[in-house]
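A.B. asks: Pasting a structure below so you can have a look.
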Amino acid sequence: MTIEQFTIEFEPETRLVWADAMGNRVYTFKSIGNNLTNFPMIEKIGGMLFPLFAKMIPPFDKPFEQYAINIKKEAETISKTK
């Protein structure tokens, strides 16, 4: 599978939506000045089968925090090349 298979919406430097059968993840990027960008990430999971296994899903706080750190690092690397 590739990232393109999950991407349902893409607006360069503004918005990205990934989705699969169980839900979607929305990323928005908004410049707040001084080379800073606000990056909220929203994940909604669900579907008809979700209640059957919802209690088995572990918390994602730490992986999401690491993901945001990785995105920040990559964005800073890219911005230095422009």
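A.B. asks: State, to one decimal in nm, how far the label point of residue 76 lies from the label point of residue 13, with both points 7 Å from Cα in the Cβ direction.
C.D. replies: 2.1
A.B. asks: Okay, moving on. Scan [x] 18, 47, 34, 1; [y] 13, 15, 16, 30, 21, 5; [z] 14, 41, 32, 10, 2 for the value of P(r) over Cα pairs in 10 Å bins from 0, in percent calculated from this model and give just the label.
C.D. replies: [z]
A.B. asks: So for 29, 53, 10, fewest C-beta neighbours within 10 Å to most, what's the order?
C.D. replies: 53, 10, 29
A.B. asks: Among 62, 44, 72, which one moves the most in a GNM of the chain with springs linking Cα atoms closer than 10 Å?
C.D. replies: In this elastic network of the chain, the residue with the biggest mean-square fluctuation among 62, 44, 72 is 62.
A.B. asks: For residue 30, which lysines qualify as cross-link partners when the Cα separation must be under 30 Å and same-chain residues fewer than eight apart are set aside?
C.D. replies: In chain and number order, the partners are 44, 62, 72, 73, 80, 82.
A.B. asks: Still on this structure, I have one more. State the extension gain, in nm to one decimal, for the chain segment bounded by residue 39 and residue 20, taking 0.36 nm per residue of separation less the distance between their alpha-carbons.
C.D. replies: 4.7 nm
A.B. asks: Could I ask something else about it? Using Cα pairs under 8 angstrom and six or more residues apart, how large is the relative contact order of the chain, in percent?
C.D. replies: Reported as a whole number, the value is 16 percent.
Read-outs: derived from the displayed coordinates by stated rules, not from any lab. Remember, it's a predicted structure, so these values are computed and weren't measured experimentally. Note: ideal-geometry Cβ built from the backbone for every residue, glycine included; neighbour counts use all protein chains shown.
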